[in-house]
Amino acid sequence: MSKPAYVYKICISGDAAVGKTSSILRWSEGYFRQEYQSTVGVQHYSRIVEVGEDATLVKMMIWDLAGQDIFKHLRASFYDGAKGLILMFDVSREETFASIPGWIREAKGHVGTDIPYILAGNKVDLVPDEKHFFGAQKYAESLNTPLLLTSAKTGTNVDDLFMNIGHLVHERAQEEIRRDKGWIK
């Protein structure tokens, strides 16, 4: 594969055990890990993909931020330079959805700029009825951000999640380039 034209850092955050690492492994490595292993601090994964109408090659570096409170101060430094964000909750645990506003505040406080983000409700394989997703669609609409319902276990919408954030980040980066060159105001 050719060399990527751009490299984008994208953070994925949310409470512990919502499926952040499992989703990343499904997308980047193509498998689902059955046993749960807590992320300690941060891990990162990458994959080169085509984005945009012109199929530009980009390297997406996904930074998996530990969800436990004890890592809160450590996480702060890992948001630096992020161009996009995935906020993940577990559709079978309402408390993980209720904590999303705190994750948004944390990210915005450390990124220092408005970056594109996606709300992801993971583990849809555990909940057969979408009516139980805690009003996530309305919440996403109020934030003017997409909501994707995913399952790292079955692979449902996982590729879409990462490709969508990749497209949003690339579009924003191209818009900034055009603005810097004076092509748009």
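Computed from the coordinates by the stated procedures, all read-outs in this text should not be read as laboratory data. Keep in mind it's a predicted model, so treat the numbers as computed, not measured. Cβ coordinates were reconstructed from backbone atoms using ideal geometry, including for glycine residues, and neighbour counts include every protein chain displayed.
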Legend entry - Extension gain, Leu126 back to Ser92 (0.36 nm per residue minus Cα-Cα distance, nm): 11.6 nm
Inset, instruction - Return the single residue from Gln137, Gln43, Gln174 with maximal mean-square fluctuation; model: Gaussian network over the chain, springs between Cα atoms under 10 Å. - result: Gln174
Legend entry - Cut-off of 10 Å, at most 15 other beta carbons, DSSP loop: longest stretch of the chain lacking such GluC sites (Glu not before Pro): 54-185
Inset, instruction - List every residue whose amide H lies under 5 Å from the amide H of Tyr79, counting only residues 5 or more places away in sequence or on a different chain, with H placed 1.01 Å from N in the peptide plane. - result: none
Inset, instruction - Once you have the Cα-Cα distance between Glu29 and Asp54, take 0.36 nm times their residue separation minus that, and quote the gain in nm to one decimal. - result: 6.5 nm
Inset, instruction - Based on other C-beta atoms within 10 Å, arrange Val51, Val127 from fewest to most. - result: Val127, Val51
Legend entry - Selection from Asn144, Tyr45, Gly112 lying farthest towards where the dipole of the chain points positive, charges on Cβ: Gly112
Legend entry - Computed over the chain: relative contact order in percent, which uses C-alpha pairs under 8 Å that are six or more apart: 24
Inset, instruction - Multiply the residue gap between Ser142 and Ser77 by 0.36 nm, knock off their C-alpha separation, and tell me the result in nm, one decimal place. - result: 20.6 nm
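Give the percent of DSSP beta bridges with both residues in the range 6-180 that are antiparallel, rounded to the nearest 5.
If we restrict to bridges inside the range 6-180, about 35 percent are antiparallel.
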Legend entry - Cut-off 15 Å between beta-carbons: net charge of the residues surrounding Ser28, Lys and Arg +1, Asp and Glu -1: +2
Inset, instruction - List the aspartates and glutamates whose Cα lies under 14 Å from the Cα of Lys138, skipping any in the same chain that are fewer than 8 positions away. - result: Glu130
Inset, instruction - For each pair in Lys9/Lys108; Lys3/Lys123; Lys59/Lys108; Lys20/Lys181, compute the distance between the two Cα atoms and list the pairs where it is over 26 Å. - result: Lys3/Lys123; Lys20/Lys181
Inset, instruction - Check every DSSP H run in the chain and write down those whose alpha carbon atoms cover 15 angstrom or more along the long axis and whose mean Kyte-Doolittle hydropathy is -1.0 or greater. - result: 100-111, 158-180
Legend entry - Electrostatic dipole magnitude of the chain [Cβ: Lys, Arg +1; Asp, Glu -1; Cα centre; debye, to 20]: 460
Inset, instruction - Identify which of the listed values of Rg and Dmax of the Cα atoms in Å was calculated from the structure shown: (1) 17.1, 72; (2) 20.7, 54; (3) 16.0, 51. - result: (3)
